[in-house]
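Each remark here refers to the structure printed beneath this line.
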Number of protein chains: 4
Amino acid sequence: MSYNLLSGKKGIIFGALDEKSISWAVAKRAHEEGATFVLTNAPIAIRMGNISDLAQQCGGARVIGADATVVSDLENLINQSMEHLGGKLDFVLHSVGMSLNVRKKRPYTNLDYDFMHKTMDISAISFHKLLQSLYKADAMVAGGSVLTLSYMAAQRTFPDYNDMAEAKAMLESITRSFGYHYGIKNRVRVNSISQSPTQTTAGTGVGGFDSFYEFSDKISPLGNANAAECADYCITLLSDLTRMVTMQNLFHDGGFSSMGVSHRIMDRLDLLQSAE
Amino acid sequence: MSYNLLSGKKGIIFGALDEKSISWAVAKRAHEEGATFVLTNAPIAIRMGNISDLAQQCGGARVIGADATVVSDLENLINQSMEHLGGKLDFVLHSVGMSLNVRKKRPYTNLDYDFMHKTMDISAISFHKLLQSLYKADAMVAGGSVLTLSYMAAQRTFPDYNDMAEAKAMLESITRSFGYHYGIKNRVRVNSISQSPTQTTAGTGVGGFDSFYEFSDKISPLGNANAAECADYCITLLSDLTRMVTMQNLFHDGGFSSMGVSHRIMDRLDLLQSAE
Amino acid sequence: MSYNLLSGKKGIIFGALDEKSISWAVAKRAHEEGATFVLTNAPIAIRMGNISDLAQQCGGARVIGADATVVSDLENLINQSMEHLGGKLDFVLHSVGMSLNVRKKRPYTNLDYDFMHKTMDISAISFHKLLQSLYKADAMVAGGSVLTLSYMAAQRTFPDYNDMAEAKAMLESITRSFGYHYGIKNRVRVNSISQSPTQTTAGTGVGGFDSFYEFSDKISPLGNANAAECADYCITLLSDLTRMVTMQNLFHDGGFSSMGVSHRIMDRLDLLQSAE
Amino acid sequence: MSYNLLSGKKGIIFGALDEKSISWAVAKRAHEEGATFVLTNAPIAIRMGNISDLAQQCGGARVIGADATVVSDLENLINQSMEHLGGKLDFVLHSVGMSLNVRKKRPYTNLDYDFMHKTMDISAISFHKLLQSLYKADAMVAGGSVLTLSYMAAQRTFPDYNDMAEAKAMLESITRSFGYHYGIKNRVRVNSISQSPTQTTAGTGVGGFDSFYEFSDKISPLGNANAAECADYCITLLSDLTRMVTMQNLFHDGGFSSMGVSHRIMDRLDLLQSAE
């Protein structure tokens, strides 16, 4: 189903690794909705994943590698994208995150601080670098939309999420802070979507993901939101229908964020109690 | 501009009094987006306003009077609407609110408690009555969307907003509570939009509205959102692109809710200081 | 252990029914900390409970019956209390709540609206009536402290909590709204404590209380807070050490409010999964 | 006035530079309340400030220099403190923050990223390093209290606060995340106080501090809270009366955080309007 919500719009989409990526789904939907865009990812992720398949499915989108922590890479990406797309950008989707503390299974009470700085650099500061590069290059059209993907660990503790909690808290703070400055400059809005746990290649790497995914699904009255549904929501936020929404963190989570406890979880716990 | 986002969808829209009403703007946009719907308001508001003009502009929409505090009126409205529209409802927009304490200029420290109960009944409990009537009549399609309009006085104190602050806090609580039950029943989502102060006939009745409107406009990096922009945002939340968003209060406010202070306000205050 | 934190302070304490009441624990601690106060409750609660035992344990505190929904009862209570205690009040603890919808086991999707108005009147508006009566009688010393007890259902949905969710949302809104006006008048602060589920006579009446109490206890890193611990916390908020804290809702919950999920809950759910 | 709230308690207090520091006020109050403690700060801050005067006023407290970003310094500080004080610690106050981007007047849209990493390391990650060092050394008694000082820029945008907004957001996230782990280990609570803008040597370095201080003061019904009042509040959170409060960010701000707008600010703006 297409509505032409992004007809004629130009953008950059970060973070499509493979078919499971949220960014992959967003790219496909953005293409359906009439957008043209550049796909980008870190060079190693481009080699490991299937981004060229996605590019083909999106009408032969251009792929430009960039390390999101390297300002000159971002500047190059922005300049090349504007040249390739023939003008300023209407939208950018940032979806970048990684923690070596998670990957190396360091408990939160025994973090490696070099890793922690890398977590922040990759998962949060990269968003500031992107915004600052866009801002300096005056690369966004007036009223454009910049979007990033977050998770509710920014507000509440999910122990296995480790130092990514701090990264997401910082990411959402950058969203607000830069949203102010970019709003004043030329009405560019900056928002984050706080998405349900999603069975992506990155997401499922977190320890205890399955139990946690189940818990979240059973608390949420609509269950967990998936990548395709998230892509639909992203489209609305990249469209002209949401031009006064900025500096917001928007939960796309089947209701999880507003739940204390659900009957489905209480029933499970009661079942256990009665089995003992 | 139309995207056919509501093509074939059926609904009920409350609260269109005159051209300034947010509901008026939503009805016009919903019509453009392909929806058919019933317009409703309290009998006295129908007499005072121009709702029949709106009905004409919306392809001859049916107007059905209902007092939103009277359950039998709501039941009748729902039944007649389903009959008229030929099936269950895809969406309902609730936009109902009034405080006699505000109208009669009672200070918040000298409230009349009969008035306060009326404020709650009209501005908050009416939403529960509507939801409960829809629920009992099984009037919503699976995945349908119910939306209400709120204001940030639910979270923070704006002295002139008086007991409407409590009404909006309660309204947003009903949004969450019923959102759980309706989500479990058949995936109906329930959300509120927390809109900038808007120059509607109702809004401008609040004492000190002009100063406050200015303050809000100067704090918000994008300025205050207007009724037409709010209508655009409503359309996204009534569409199928937001099917996993529920139990949320969504700020549509040009960034106000995430602001501490802006340079525009600090400059004004400095100006004053230097003038003294 | 006593610190003389309330030495010479005068107050009114609502809501002590029996030994399990939070107010009972607060009264005992306030007495230990050097306060003198009047105990109050609805006439029927005075007859049903053991408040006179408490009065004796608190150095012969005076008991004055008052229906917290009746303004003239509150005015009489305030006047008699000032006369009996010999001056204006330093503190008031409001702990009043009841829902007939809960008691009569009405599901949230089938509420009785007369009951709902009573829930609001007893559990939320009574706090406004109290504050307005104190304000009009100029009954609080400058810098005095008014405190009420709330629950996190004001922010998140706990299905069995029913329309008490709306009451607590409204109660916390009154806390903010009146906190502004009373702060400006003479620096009186108004706050709510959002307490863990507590095994009081009132609390345990809620359906599914036991499962829910267990869930909350297992999510919270410190477990649920009990009535005696809550009393300790109340003492700090009635003391002079917190004179700049106002319009706040303060969680006293062993960490529950900041939790997404805990290992203790995930282990329980895994256990169940592996048993199946 | 002393209540012996910290009688016999041992602790470490970071960040007392001079008489204006919040930590200075906390140290004096903690001494009055019966605590013994070690004072610490970065070696350069010890040289620049008057910490030895404070040590004398606190009964000859020991001063141990430590760079809060250097784990071995923290380990040494903790070990020496336990040895000097004769046992495990009951409390620690962390008050550490600095941004070179602020000092060097870099606008938020032109940040230096080495500076930003330093801001995070000094102002947020230092708190994790401290907690992790305490945790590994098993240096806290069961039920001990760790407290840090934050600011509302973690939730809302104050443009001149620059990248300290991100630091405070991260700091509060660490408070929650570590609060979970330390709570489970041995009931140690971890909280932050979100304090009004305060006329400290550090605070007044922020550009536009004066205008902003005024704005905050005029919005808050009780005005801005000062350092001495903050010290009083800290004492309650280091005492045994708050043992179930954890993972919280607690506003100590005269009500600012719950305000939308105040009459005092609207009157100022009206005055300006009428003068024009």
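Against the definition (out of contact with any Cys (no Cβ under 8 Å at 6 or more places or on another chain) and within 18 Å of C:L89 (Cα to Cα)), how does C:I12 come out, yes or no?
Numbers: out of contact with any Cys (no Cβ under 8 Å at 6 or more places or on another chain): yes; within 18 Å of C:L89 (Cα to Cα): yes.
Taking the combined requirement at face value, the residue satisfies it.
When region C:256-265 is examined, which residues are found to be facing another protein chain (nearest Cβ under 7 Å) and either modelled with pLDDT under 90 or open to solvent by 80 Å² or more (accessible area, probe 1.4 Å) (or both)?
Those that are facing another protein chain (nearest Cβ under 7 Å) and either modelled with pLDDT under 90 or open to solvent by 80 Å² or more (accessible area, probe 1.4 Å) (or both): none in region C:256-265.
On the basis of being at the interface with chain D (Cβ under 8 Å from one of its Cβ atoms) and either open to solvent by less than 10 Å² (accessible area, probe 1.4 Å) or not hydrophobic (A, V, I, L, M, F, W, C) (or both), does C:A225 make the cut? Don't jump to the end; show me each part of the working.
Values: at the interface with chain D (Cβ under 8 Å from one of its Cβ atoms): yes; either open to solvent by less than 10 Å² (accessible area, probe 1.4 Å) or not hydrophobic (A, V, I, L, M, F, W, C) (or both): yes.
Here the answer is yes, as C:A225 does meet what is asked.
Considering only region B:44-93, how many residues are among the β-branched types (V, I, T) and closer than 25 Å to B:S7 by Cβ? Let's see the steps before the verdict.
The initial filter retains those residues of region B:44-93 that are among the β-branched types (V, I, T), namely B:44, B:46, B:51, B:63-64, B:69-71, B:78, B:92.
Imposing the further condition that a residue be closer than 25 Å to B:S7 by Cβ reduces the set to B:51, B:63-64, B:78, B:92.
Of the residues in that region, 5 qualify.
Which one is farthest from A:K105 (Cα to Cα), of the residues in region A:201-222 that are assigned to a loop (DSSP other than H, G, I, E, B) and open to solvent by 20 Å² or more (accessible area, probe 1.4 Å)? Can you show your working first?
First, pick out the residues of region A:201-222 that are assigned to a loop (DSSP other than H, G, I, E, B): A:201-202, A:206-208, A:220-222.
From the residues that got through so far, the ones that are open to solvent by 20 Å² or more (accessible area, probe 1.4 Å) too are A:201-202, A:206-208.
Numbers: A:T201: 17, A:A202: 14, A:V206: 9, A:G207: 8, A:G208: 11 Å.
The residue in question is A:T201.
Restricting attention to region B:180-194, report how many residues are open to solvent by less than 10 Å² (accessible area, probe 1.4 Å) and in contact with a helix residue (DSSP H, G or I) (Cβ under 7 Å, 6 or more places away or on another chain). Write out each step before concluding.
Taking region B:180-194 first, the residues open to solvent by less than 10 Å² (accessible area, probe 1.4 Å) are B:180, B:182-183, B:188-194.
Then drop every residue that is not in contact with a helix residue (DSSP H, G or I) (Cβ under 7 Å, 6 or more places away or on another chain), which leaves B:180, B:182, B:188-194.
Of the residues in region B:180-194, 9 are open to solvent by less than 10 Å² (accessible area, probe 1.4 Å) and in contact with a helix residue (DSSP H, G or I) (Cβ under 7 Å, 6 or more places away or on another chain).
Just one of D:L171, D:L147 is touching a residue at least 12 places away in the same chain (Cβ under 8 Å), in contact with a helix residue (DSSP H, G or I) (Cβ under 9 Å, 6 or more places away or on another chain), part of a helix (DSSP H, G or I) and of a type in the set (A, V, I, L, M, F, W, C); which is it? Can you show your working first?
Details: D:L147 fails: part of a helix (DSSP H, G or I).
Within the list D:L171, D:L147, the selection yields D:L171.
When the residues of region B:159-207 are filtered to those that are hydroxyl-bearing (S, T, Y) and within 7 Å of another protein chain (Cβ to nearest Cβ), which remaining residue is nearest to C:M170 (Cα to Cα)? Even if it seems obvious, please write down each step before you answer.
Step one: of region B:159-207, the residues hydroxyl-bearing (S, T, Y) are B:161, B:173, B:175, B:177, B:180, B:182, B:192, B:194, B:196, B:198, B:200-201, B:204.
Keeping just the survivors that are within 7 Å of another protein chain (Cβ to nearest Cβ) gives B:173, B:177, B:180.
Working: B:S173: 9, B:S177: 14, B:Y180: 19 Å.
So the residue we want is B:S173.
Taking the options D:L250, D:L269, name whichever one is in a strand (DSSP E or B) and closer than 30 Å to D:Y108 by Cα. Step through it out loud before you land on a result.
Values: D:L269 fails: in a strand (DSSP E or B).
Only one candidate qualifies: D:L250.
Kindly indicate which of C:K129, C:K105 is over 25 Å from C:Y180 (Cα atoms) and either assigned to a helix (DSSP H, G or I) or in contact with a Gly (Cβ under 9 Å, 6 or more places away or on another chain) (or both).
Working: C:K129 fails: over 25 Å from C:Y180 (Cα atoms).
Only one candidate qualifies: C:K105.
Go through (1) within 14 Å of chain B (Cβ to nearest Cβ); (2) open to solvent by 20 Å² or more (accessible area, probe 1.4 Å) and name the single condition A:L17 misses.
(1)
Return the total of residues in region C:51-67 being surrounded by fewer than 21 Cβ atoms within 10 Å (Cβ to Cβ) and under 25 Å from C:D121 (Cα atoms). Break it down into steps so the answer makes sense when it comes.
Restricting attention to region C:51-67, the residues satisfying the condition of being surrounded by fewer than 21 Cβ atoms within 10 Å (Cβ to Cβ) are C:52-53, C:55-57, C:59-60, C:62-65, C:67.
Then keep just the ones that are under 25 Å from C:D121 (Cα atoms); that gives C:63-65, C:67.
Matching residues across region C:51-67 total 4.
Name the residue that is farthest from the other protein chains (Cβ to nearest Cβ), counting only residues in region B:236-252 that are of a type outside the set (S, T, N, Q) and over 17 Å from B:T175 (Cβ atoms). Let's see the steps before the verdict.
Here is the first cut: in region B:236-252, the ones of a type outside the set (S, T, N, Q) are B:237-238, B:240-241, B:243-245, B:247, B:250-252.
Restricting the remaining residues to those that are over 17 Å from B:T175 (Cβ atoms) gives B:240-241.
Working: B:D240: 7, B:L241: 4 Å.
Here the residue is B:D240.
A quick yes/no check of all residues on (1) touching a Pro at 6+ places or on another chain (Cβ under 9 Å); (2) open to solvent by 40 Å² or more (accessible area, probe 1.4 Å):
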{"residue": "D:T69", "(1), (2)": "no, no"}
{"residue": "D:N76", "(1), (2)": "no, yes"}
{"residue": "D:N79", "(1), (2)": "no, yes"}
{"residue": "D:G87", "(1), (2)": "no, no"}
{"residue": "D:L93", "(1), (2)": "no, no"}
{"residue": "D:N101", "(1), (2)": "yes, no"}
{"residue": "D:K118", "(1), (2)": "no, yes"}
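Take the residues in region B:133-144 that are part of a helix (DSSP H, G or I) and open to solvent by 30 Å² or more (accessible area, probe 1.4 Å), then tell me which one is nearest to the other protein chains (Cβ to nearest Cβ). Before you say what the answer is, go through the steps one by one.
Kept after step one, since they are part of a helix (DSSP H, G or I), are these residues of region B:133-144: B:133-136.
Filter again for open to solvent by 30 Å² or more (accessible area, probe 1.4 Å), leaving B:135-136.
On the way: B:Y135: 5, B:K136: 7 Å.
This residue is B:Y135.
Regarding region D:105-116, can at least one residue be identified that is under 23 Å from A:A137 (Cα atoms), away from chain A (no Cβ under 14 Å) and open to solvent by 30 Å² or more (accessible area, probe 1.4 Å)? Break it down into steps so the answer makes sense when it comes.
Let us first name the residues in region D:105-116 that are under 23 Å from A:A137 (Cα atoms), namely D:105-116.
Filter once more, keeping what is away from chain A (no Cβ under 14 Å): D:105.
So of that shortlist, the ones also open to solvent by 30 Å² or more (accessible area, probe 1.4 Å) come out as D:105.
Yes, some residue in region D:105-116 is under 23 Å from A:A137 (Cα atoms), away from chain A (no Cβ under 14 Å) and open to solvent by 30 Å² or more (accessible area, probe 1.4 Å).
Identify all residues within region B:144-201 that are of a type in the set (V, I, T) and touching a Cys at 6+ places or on another chain (Cβ under 8 Å); write none if there are none.
Taking region B:144-201 as the starting set, the residues that turn out to be of a type in the set (V, I, T) are B:146, B:148, B:157, B:174-175, B:184, B:188, B:190, B:193, B:198, B:200-201.
B:I193, B:T198, listed by residue number.
Has region D:33-45 got at least one residue that is more than 20 Å from D:S239 (Cβ to Cβ), open to solvent by less than 10 Å² (accessible area, probe 1.4 Å) and touching a residue at least 12 places away in the same chain (Cβ under 8 Å)? Please lay out each step first, then the result.
Quick first cut of region D:33-45, residues more than 20 Å from D:S239 (Cβ to Cβ) only: D:40-45.
Adding the requirement that they be open to solvent by less than 10 Å² (accessible area, probe 1.4 Å) leaves D:40.
Still in the running and touching a residue at least 12 places away in the same chain (Cβ under 8 Å): D:40.
Yes, region D:33-45 contains at least one residue that is more than 20 Å from D:S239 (Cβ to Cβ), open to solvent by less than 10 Å² (accessible area, probe 1.4 Å) and touching a residue at least 12 places away in the same chain (Cβ under 8 Å).
Just checking, which of D:L130, D:L93, D:L100, D:L89 is more than 11 Å from every other protein chain (Cβ to nearest Cβ), among the aliphatic types (A, V, I, L, M) and free of Cβ contacts under 8 Å to residues at least 40 places away in the same chain? Write out each step before concluding.
Working: D:L130 fails: free of Cβ contacts under 8 Å to residues at least 40 places away in the same chain; D:L93 fails: free of Cβ contacts under 8 Å to residues at least 40 places away in the same chain; D:L89 fails: free of Cβ contacts under 8 Å to residues at least 40 places away in the same chain.
Going through D:L130, D:L93, D:L100, D:L89 in turn, just one is more than 11 Å from every other protein chain (Cβ to nearest Cβ), among the aliphatic types (A, V, I, L, M) and free of Cβ contacts under 8 Å to residues at least 40 places away in the same chain: D:L100.
The values are calculated or read from the model by the stated rules, or taken from the named source; none is laboratory data. Here the structure is a predicted model, which is why all the values come from computation and not from measurement. Neighbour counts run over all protein chains shown; Cβ positions are idealised from the backbone, glycine included. We work out accessible area using only protein heavy atoms, side chains counted, and drop any ligands, DNA or RNA first. Shrake-Rupley method; radii C 1.70, N 1.55, O 1.52, S 1.80 Å.
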